[in-house]
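The values are calculated or read from the model by the stated rules, or taken from the named source; none is laboratory data. Here the structure is a predicted model, which is why all the values come from computation and not from measurement. Here the Cβ is made from the backbone with ideal geometry for all residues, glycine too, and neighbour counts use every protein chain on show.
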Amino acid sequence: MVNVLTPRSPERAPDPLPGAPAGHGRRRGRHRETVVAYLFLAPALLFFAVFLLLPLGFALLLSVSRWTGFDLGAIEPVGPDNFAALFADGSTFLVPVLTNTLLFALGTVALALTGSVVVATCVDRLRFQGLWRTLYFLPIVTTVVAVGNVWKYMYEPGGLANGVLNALGLGSVAFLQDPDTALPSVVVVQAWASLGSAILVLTAGLKSIPASYHEAAALDGAGPGTVFWRITLPLLRPSLLFVCVTQFLTGLQSFALITVMTRGGPGDATNVAALEMYRLAFDHGDWGTASAAAFVLFAVVLVVTLAQLRVFRRAGEDA
């Protein structure tokens, strides 16, 4: 009679084939798993290659070539001439185009970061936070074309902005018509439109700060200002870094808002790198110089991003 309570002995793995080296079956199993994994990754890798690697390689080829578009047989290698043309005497790429791009990005980051910190701190202490989140997130879900056109009408000589100034006894301002005020006016719109995402990130960062830190500081006699500068801001540094980097990248690549509001004018007062690349390629048919400008902008973005990461990391070590 078989004892049903007796545990069964574990099944043995099949013996390797005669003459097979030790570990051969294990290596075959790992190889099979690797092949299956790459098969699952194949659609994503194919998408990555078709929509990123191939355009990147083609843009690199065009940056050292002369091409007017459409006819691939008309690509003519010219070496570094396209890059030299960007910085040659009389070129407007360095001044004012690249200068405008950096000023636009810096202004956007400064306004958006300051405004989002203030608003996020205030909203974190208010009731009905869901309502406030909905209100400040509305610009994010609104199209850039709609935002640009609304602000464009507000900046008109008879628009809302000048109406408010006149009501305060101040004179009218040619916001988008004056080269001195056109770029700052667009910077304000870009900062306002990007407040929602920045506030969302900073609000999440504020929620992650333990309330015990603030309570301990209050017991030690620290005022609200001291708590904000000594506790809240240092602990909010990772969120501030994320907002700063993403806002700066967005500002450096801005195109649609400036196209809608000013088309780069008056003159070149609001002309930025992305808009200049579009003009070179589609208006003048100079795809080579446009591709070279794209790689120059990429180098600027890379250097600025690495500098921001280094500054914030050093600030975190010193804190």
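Note on the stretch 94-150: residues that are touching a Gly at 6+ places or on another chain (Cβ under 6 Å) and farther than 27 Å from P266 by Cβ total 3. Cβ separations smaller than 9 Å between residues 6+ apart or across chains give the following pairs from the stretch 117-137 residues that are of a type in the set (D, E, K, R) to residues that are at pLDDT below 85: R133/V123.
Quick test for you: out of N82, N100, pick the one residue that is in a helix (DSSP H, G or I), polar (S, T, N, Q) and closer than 12 Å to T289 by Cβ. That would be N82, the only listed residue that is in a helix (DSSP H, G or I), polar (S, T, N, Q) and closer than 12 Å to T289 by Cβ. Summed over the stretch 116-131, residues that are at pLDDT 80 or above and among the polar types (S, T, N, Q) total 2.
Among residues of the stretch 156-171 that are at pLDDT 90 or above, those with a beta-carbon under 8 Å from a residue that is assigned to a loop (DSSP other than H, G, I, E, B) and loosely packed, with under 13 Cβ neighbours inside 10 Å at least six positions away or on a different chain give the pairs L165/G171.
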